[in-house]
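Okay, structure first, notes after.
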């Protein structure tokens, strides 16, 4: 069998488009079992020596259930380490397995990311993926784990956990009715403390539009009405915005109409100067990301990504494309 050093040199002698498990196995003339033995040996060496360059080769593993069961202990051990950058992609791999054994792993990643990962961008992405994976397990133990994260630090981990409980409360297809009912009871206790979210069901799952906190939405509502010149556009906003505030629903036709209204207002807000931002959570994100809003649209940014107006427009387009309404939470 090749040594880890020989394997490393061989992989790096290949062109980037040749670095796949199937190509490597064919080039080396290995059977599947021989390939798995080789990758296992490399991963053992990588974990022992804390060698991030070797650990990268975990991606050569075939995506099969038997492979997952064999290599899960190595991925779990790697997720506890701080010396490599592969946490997010490994969480993604474990998520695909839908294994209830991973509840503890996902919970640990979500609650200990500040010590595991040096980059805030990487922390947020990995925490979001781990908590999303918990929600997709759709089980009582997974819901219990999400509830424990309500008091997690950093605060965005608690917000992501609450959003997953909101998703379960909607009753996705794989979620039992009893679990959805329990999630709904939990939502009544915390819904006002997190940002407003819109869901659109699609053939590929639930498309979400995470917006911003309710008081910020109320301010944006006032800004939109103040700069709306068409009476019909004002009527649309005055009719549909309160339903979003009340966590109701927009039909496909209503979402399409609102999307058109917002699309006409977007360039108006982008042409206006920014306002003075006072909200502490906004100032914190501005300092963290190192940007200053350049126009009025950028003053109303989502607690997840992008501006609220553009995320709203995108959600309205998704509603029309999928022919499904927007449900607000």
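Per-residue counts of other Cβ atoms within 10 Å, averaged by peptide: what ranking do you get for 235-247, 46-58, highest first? Display every interim value, and only then the final one.
Values: 235-247: 14.8, 46-58: 17.2.
Taking the mean over residues of other Cβ atoms within 10 Å, the ranking is 46-58, 235-247.
Restricting everything to alpha-carbon atoms, can you work out Rg to Rh for region 88-194 with a Kirkwood hydrodynamic radius? Don't skip to the end; give the middle numbers.
Working: Rg = 13.0 Å, Rh = 13.6 Å.
With Rg and the Kirkwood Rh in hand, the quotient comes to 0.95.
Using only Cα atoms, tell me the angle between helix 308-322 and the longest principal axis of the chain; keep it within 0 to 90° and round to the nearest 10.
Orientation of helix 308-322: about 80 degrees from the principal axis.
Applying 1/(1 + (r/R0)^6) with R0 = 51 Å to the Cβ-Cβ distance of residue 260 and residue 34, what FRET efficiency is obtained, to the nearest 0.05? Please list the in-between numbers first.
Details: r = 59 Å, r/R0 = 1.17.
Using R0 = 51 Å, I get an efficiency of 0.30.
Taking one equal scatterer on every alpha-carbon of region 18-145, how large is log10 of I(q)/I(0) by Debye at q = 0.10, 0.12, 0.18 1/Å?
Here log10 of I(q) over I(0) equals -0.33, -0.47, -0.98.
Nearest 10 degrees is fine. How inclined is helix 103-116 to the longest principal axis of the chain, computing both from alpha carbons?
Helix 103-116 and the main axis of the chain meet at about 80 degrees.
Kindly provide the Kirkwood hydrodynamic radius of region 249-321 in Å, to one decimal, from all pairs of distinct alpha carbon atoms. Can you show the working numbers first?
Values: mean 1/r = 0.0756 Å⁻¹.
After inverting the mean inverse Cα-Cα distance, the result is 13.2 Å.
What is the angle, in °, between the Cα long axis of helix 280-289 and the longest principal axis of the Cα atoms in the chain? Nearest 10 is fine, range 0 to 90.
Roughly 40 degrees between the two axes.
Expressed as cubic angstrom per residue, what is the convex hull volume of the alpha carbon set of region 210-297? Present the calculation step by step, with values, prior to reporting the outcome.
On the way: hull volume 9.5 nm³, N = 88.
With only Cα atoms used, region 210-297 gives 108 Å³ per residue.
If you average the sequence gap of Cα pairs under 8 Å that are 6 or more apart and divide by the length of the chain, what percent do you get for the contact order? The partial results should precede the final answer.
Details: 394 pairs, mean separation 39.4, N = 329.
It rounds to 12 percent for the chain.
Taking other Cβ within 10 Å of each residue's Cβ, how do 83, 250, 132 sort, fewest first?
Working: 83 12, 250 23, 132 19.
Ordered from fewest to most neighbouring Cβ atoms within 10 Å, 83, 250, 132 come out as 83, 132, 250.
What distance in nm separates the two pseudo spin-label positions at residue 249 and residue 48, each 7 Å out from Cα along the beta-carbon direction?
Those two pseudo-labels are separated by 5.9 nm.
Place the peptides 211-217, 92-98 in order of packing, highest mean first, counting for every residue the other Cβ atoms within 10 Å and averaging per peptide. If you can, show how the numbers build up before the last one.
Details: 211-217: 18.9, 92-98: 16.6.
Per-residue mean Cβ counts within 10 Å order the peptides as 211-217, 92-98.
With a 10 Å Cβ neighbour count serving as the proxy for reagent exposure, in which order, fewest first, do 37, 297 appear?
Numbers: 37 13, 297 23.
Going from least to most buried by this count: 37, 297.
Ranked highest first by the average count of other Cβ atoms within 10 Å around their residues, in what order do 21-34, 66-79 fall? Intermediate values should be presented prior to the final figure.
On the way: 21-34: 13.3, 66-79: 15.9.
Top of the packing list down: 66-79, 21-34.
Expressed as a whole number of Å, what is the distance separating the alpha-carbon centroids of region 291-329 and region 148-184?
So the separation of the two Cα centres works out to 22 Å.
Taken together, the values in this text are just the output of simple stated rules run on the coordinates, not laboratory data. Quantities reported herein were computed from a predicted structural model and do not represent experimental measurements. We place every Cβ from the backbone using ideal geometry, glycine too, and count neighbours over all the protein chains shown.
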